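Before anything else, here's the structure in question.
The values are calculated or read from the model by the stated rules, or taken from the named source; none is laboratory data. Keep in mind the model is a prediction, meaning the values are calculated, not measured. Because the Cβ atoms are built from the backbone with ideal geometry, glycine has one as well, and the counts that use them run over all protein chains shown.
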Amino acid sequence: MENPYDEVAKALTEDMQKHTSRALSGSVSELGTITNRMELKLDNFKHPIPDFLVSEHLTLDPDYLNDSYGEETPPELKPLSPGDRVAVAVVNGGQDHVVVARVVNYG
């Protein structure tokens, strides 16, 4: 009979190895995507992260700059939405994830 905790133990071991490798290499950033449930899904981690931090400029009201002249809020100032690709700083030894910017393909 298979041990139901083997998959969890394997995922934790892989995650610890990644964090250790990052700590030793000095890399503390990741790329990710905002899911339909507004969770953070890192490219290099299997599970979505529901509790994460966001740079304040990505939390502005969508109509913040809209005015009577028809000016709209620039896309880079709009709040995060599902499908957005983001740059994430991994801090506090991997315990916290901070979305620092929305990223797009250039060109």
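Which of the following residues is modelled with pLDDT of 75 or more, out of contact with any Lys or Arg (no Cβ under 7 Å at 6 or more places or on another chain) and small (Gly, Ala, Ser): Ala11, Ala89, Ala23?
Criteria check complete, one pass: Ala89.
Criterion first (modelled with pLDDT of 75 or more, hydroxyl-bearing (Ser, Thr, Tyr) and in a loop (DSSP other than H, G, I, E, B)) does Tyr106 satisfy it?
yes
Moving on to the next point. Any residue in region 3-20 that is on the phi < 0 side of the Ramachandran plot and of a type outside the set (Phe, Trp, Tyr) sitting within a Cβ distance under 8 Å of a residue that is assigned to a loop (DSSP other than H, G, I, E, B) and modelled with pLDDT of 75 or more? List the pairs, counting only those 6 or more apart or interchain.
Matching pairs, first to second residue: Ala11/Lys46; Ala11/His47; Asp15/Phe45; Lys18/Asn44; Lys18/Phe45.
Can you report the number of residues in region 44-62 which are acidic (Asp, Glu) and surrounded by 11 or more Cβ atoms within 10 Å (Cβ to Cβ)?
1
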